[in-house]
Each structure stands twice: as structure tokens, then as C-alpha cells.
Amino acid sequence: MAPGVDRVCRVWHPELPIVTDRLALRLFTMNDLADVWAYMRLPEVGRHMLWAARDQDESREALSRMVAENGLEKDGDYLTLAVTREGAVIGHVELGLVSTEHEQGEIGYVFHPAHQGRGFATEATRVMLRLGFAEMSMHRIVGRCSARNLPSANLMTRLGMRKEAHFLDCRKVNGEWREELIFAMLRREWSTEHR
Ligand SMILES: CC(C)(COP(=O)(O)OP(=O)(O)OC[C@H]1O[C@@H](n2cnc3c(N)ncnc32)[C@H](O)[C@@H]1OP(=O)(O)O)[C@@H](O)C(=O)NCCC(=O)NCCS
């Protein structure tokens, strides 16, 4: 896919694949279902998300949404990239366009437990911060997680994001109130050490 902004419909697409020291990031295709279901089916992966463990049909639906999330055009759009290692999908990362007017974005990430604890999420999410700040000229990028999701809060801290808020009982997920943390980074805080 050609990188840059489509002159007719103004959709922004990054140049892909993006290759880091240990990973390659690319768009999803429906051929990735087996790899995606392998982590979406696990209760420990869905536990802190807004969804629980997904069966194969639910994973297929989720994958078809991720396949469509291939560029950013308007508020509410997401770019979702498959994170691959040695050809297999080990997780995904996303960058959302929250507000064009206010230059705000949002990151997200999900990794297979077999590939956690080695810094892969840090390496891949750092790419999404770079895309947001350097290519989309975003002013502020946020990330949110359940207050119980320590690995996610640690990841955002590792990326250099600041904890901005701790909301109590701000959502009801599966009948239970959830506390939520908001982390953020401004473009001027995006220092060389975090790129
Ligand atoms: C949130 C999530 C992506 C974090 O994954 P993670 O593996 O902990 O994060 P990283 O890949 O950055 O790895 C960090 C760990 O690897 C270690 N590590 C090893 N090599 C590293 C390196 N080169 N760079 C950074 N960390 C490294 C770190 O010390 C850290 O270990 P610790 O957890 O013992 O402190 C993962 O827990 C997940 O997918 N959870 C399920 C879905 C989810 O909750 N998503 C977020 C919703 S808000």
C-alpha cells in the first residue's frame, strides 16, 4: 500500500512493513485467524479488556474489524497492526485518532502470553507513538487500562508516559465496576530516549 495521505479521501497510511530490532509490523489479513484466535481465546488475555475470552467466531469478527483498521481518516478511526516474529502473529498494536481538531490520539496493545515478558510490547508500541507524533503530528497520545492491569500500567510507564488519572468505578464491565488509569504523553515529552 502506498504510504502517506491519499489525496482524494485524505486517508493516512503508514509505510509498511515496519521492521524493528526483533519484530515486523504489518496490516492484518483474514489468513491470520489461527494466530489471533490463539491469544484472543485465552481468559488471561481478555481479563482486563472490555471483552472476555473470544471463541473462534468472535475472533473472526474481531479480526475482520482489525483488517479494516488500515489507516486514519477521521475521528474514531483506528490503525491496527499485526506484530509478527519469525512470520507468526504474536499480538497487535493500535493507534486511534481521537480528535483531529485537538490532535489527540490513543494507543492500545494485546500480546500472546507466550511472548510477554521480553519487551516485545514495548518495542512495538514505541512504533505507534512514533507514528502518532512524527507522522500524524499528534499533540497528545493517551493510553488507558484497568487499574488492576499492572503489566499495562508498567508498559506505559516504561514508554515514558505519565499517569494522569485514576478513575473510580468509571465503567461496569461484566456486571462489575472498574477502576481505570489514564496515561498520556505530549509530543514535547516524546524524548529521544523513548523513540
Ligand atoms: C499489557 C501487555 C501487552 C504487557 O506485556 P509485557 O510482556 O509485560 O510488556 P513488554 O513486552 O514490554 O515486556 C516487559 C517485560 O519484559 C522485560 N523485558 C525483557 N527484555 C526487555 C526489553 N528488551 N525491553 C523492555 N522490557 C524487557 C521487562 O523487564 C518486563 O518484565 P516484568 O514484567 O517482569 O517487569 C500484556 O500483559 C498483554 O498483552 N496483556 C493482555 C492484554 C491487555 O491487557 N492489553 C492491555 C489492555 S489496556
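The numbers here are math on the coordinates, done by the rules we state, and not lab data. All values reported here derive from a predicted model rather than from experimental measurement. Cβ atoms come from the backbone with ideal geometry, glycine included; neighbour counts cover every protein chain shown.
Semi-axes of the equivalent ellipsoid of region 64-133 are 23, 13, 8 Å, computed as sqrt(5λ) over the eigenvalues of the C-alpha gyration tensor in descending order. Scaled against 2.2 N^0.38 Å for its residue count N, the alpha carbon radius of gyration of region 66-195 is 1.04. Using the empirical formula 2.2 N^0.38 Å as the baseline, the Cα radius of gyration of region 119-184 reaches a ratio of 1.22. With the simple spin-label model, which puts each label point 7 Å out from Cα in the Cβ direction, the residue 68 to residue 157 separation comes to 3.8 nm. Rounded to the nearest whole Hz, the Karplus-based 3J(HN,Hα) values (6.51 cos²θ - 1.76 cosθ + 1.60, θ = phi - 60°) of region 156-166 follow the sequence 5, 5, 4, 6, x, 7, 9, 6, 9, 7, 10, with x at glycine and proline.
Modelled spin-label separation between residue 47 and residue 34, with each label point placed 7 Å from Cα along the Cα-to-Cβ direction: 2.8 nm.
Considering the convex hull of the alpha carbon atoms of region 1-134, report its projected area averaged over all viewing directions, in nm², one decimal.
Average projection, Cα convex hull of region 1-134: 8.3 nm².
Within the listed set 152, 137, 59, the residue fluctuating most in the Gaussian network model of the chain (springs between alpha-carbon atoms under 10 angstrom) is 137. With neighbour counts taken as other beta-carbon atoms within 10 Å, the residues 167, 133 rank, fewest first, as 167, 133. Label-to-label distance for residue 192 and residue 20 is 2.0 nm, based on points extended 7 Å past Cα in the beta-carbon direction. Taking 0.36 nm per residue of separation and subtracting the current Cα-Cα distance, fully stretching the chain between residue 122 and residue 102 would add 4.6 nm. Compared with the direct C-alpha span, the chain from residue 58 to residue 75 gains 3.6 nm at full extension, assuming 0.36 nm per residue.
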